[in-house]
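S.K.: Sending over a structure as structure tokens; questions will come in a sec.
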Amino acid sequence: MKRSEEILGLSIISIGDGREVGRVKDLVVNPEQGAVECLVVENGNRHLGVKVIPFKDVEGIGEYAVTVANDTTIVELDEVPHVSNLLERNVQVKGTKVLTRKGNFIGEVTEYIVDEDNNGKIVGCQLAARDDSLNNKYIPKDSVVTFGKDVLVVVEGVADTLADNIIVEDVSVTDSAETKETATKSTETTETPTTPPDAAQLFEQRQRQFMLGRQVAKQIVDSDGQVLAEEGETITEELMDRVKDGGKWSELVMNTKSN
């Protein structure tokens, strides 16, 4: 699970060629689905139109980057008209007032949590509450009635459903004092790297995950003419190791196809 702020600004990496194809500029929320519909791409060229990546096409979201299969997952806004409608509605979630069905004011949303392994579902919203005892607690998705542009409508008695953290499949997101203290100690004792460790290994790992089970699009041979992979052969870990040892890893990455 990721906080929305943890996704914004991440590099977008194409697994197919290990290339940065942009950065995450914004998240587009689908209020009916209660999920992030797509990521808005910042590509460094202000003269180009808005481009997005449907969340369903995201391979993974890590600490360092969002990964996609290749740059064809980035589409023009006019190719996905329903996203244009969502952009016009501009449901941000963060900063919206929290009201119960009967109109009682609870507080304001300061952050929301995205389950990147479940189609971008919003699983909880962090609350800046009028009541200090509820401050920084999380509103679970099941207690949300409506994600609106100005107001998040929640069930009556929502205070009884608030939690100190959000847990999905044993993964917890929390702002508890204990967690903050642990994070602080870790920061004090560990030097923060200026670049992410083992970035090349990350790229290769994602490439392997993407290619595993696909097919080789053309025969690949090494510099001595030895066949490393036959066209149509199913890609396994052993095949990938063989091709890499033969110095033809990039050629394999660029020549795969689905079954």
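The values are calculated or read from the model by the stated rules, or taken from the named source; none is laboratory data. For clarity, every value in this text was computed on a predicted model and none was experimentally measured. Cβ: placed from backbone, ideal geometry, glycine included. Neighbour counts: every protein chain shown.
S.K.: Tally up the residues in the range 12-35 that are closer than 20 Å to residue 110 by Cβ and in a strand (DSSP E or B), please.
M.R.: Step one: list which residues in the range 12-35 are closer than 20 Å to residue 110 by Cβ, which gives 24, 26-29, 31, 34-35.
Still in the list and also in a strand (DSSP E or B): 24, 26-29, 35.
Here the count works out to 6.
S.K.: I need the full set of residues from the range 12-53 which are acidic (Asp, Glu), out of contact with any Lys or Arg (no Cβ under 7 Å at 6 or more places or on another chain) and either within 23 Å of residue 205 (Cα to Cα) or surrounded by 16 or more Cβ atoms within 10 Å (Cβ to Cβ) (or both), in order please. I'd like the intermediate steps shown before the answer.
M.R.: At the first step, the residues of the range 12-53 found to be acidic (Asp, Glu) are 17, 20, 26, 32, 37, 42.
Right, trim to out of contact with any Lys or Arg (no Cβ under 7 Å at 6 or more places or on another chain) and you get 17, 20, 26, 32, 37.
Scanning the range 12-53 gives 17, 20, 26, 37.
S.K.: When you look at residue 9, is it under 21 Å from residue 206 (Cβ atoms) and in a loop (DSSP other than H, G, I, E, B), yes or no?
M.R.: It is true that residue 9 is under 21 Å from residue 206 (Cβ atoms) and in a loop (DSSP other than H, G, I, E, B).
S.K.: Starting from the range 13-34, take each residue that is farther than 15 Å from residue 51 by Cα and list its partners that are charged (D, E, K, R) and assigned to a loop (DSSP other than H, G, I, E, B), counting only C-beta distances under 9 angstrom and pairs at least six apart or across chains.
M.R.: Final answer for the pair search is 31/149.
S.K.: Also, quick follow-up: Out of (1) touching a Lys or Arg at 6+ places or on another chain (Cβ under 9 Å); (2) not in a loop (DSSP other than H, G, I, E, B), the odd one out for residue 82 is which?
M.R.: (1)
S.K.: Do you know which of the residues in the range 106-157 that are of a type in the set (Ser, Thr, Tyr) and modelled with pLDDT of 90 or more is surrounded by the most Cβ atoms within 10 Å (Cβ to Cβ)?
M.R.: Selected residue: 112.
S.K.: Does the range 243-259 hold any residues that are under 28 Å from the mean Cα position of the chain (by Cα) and part of a loop (DSSP other than H, G, I, E, B), and which are they?
M.R.: 254, 255, 258, 259
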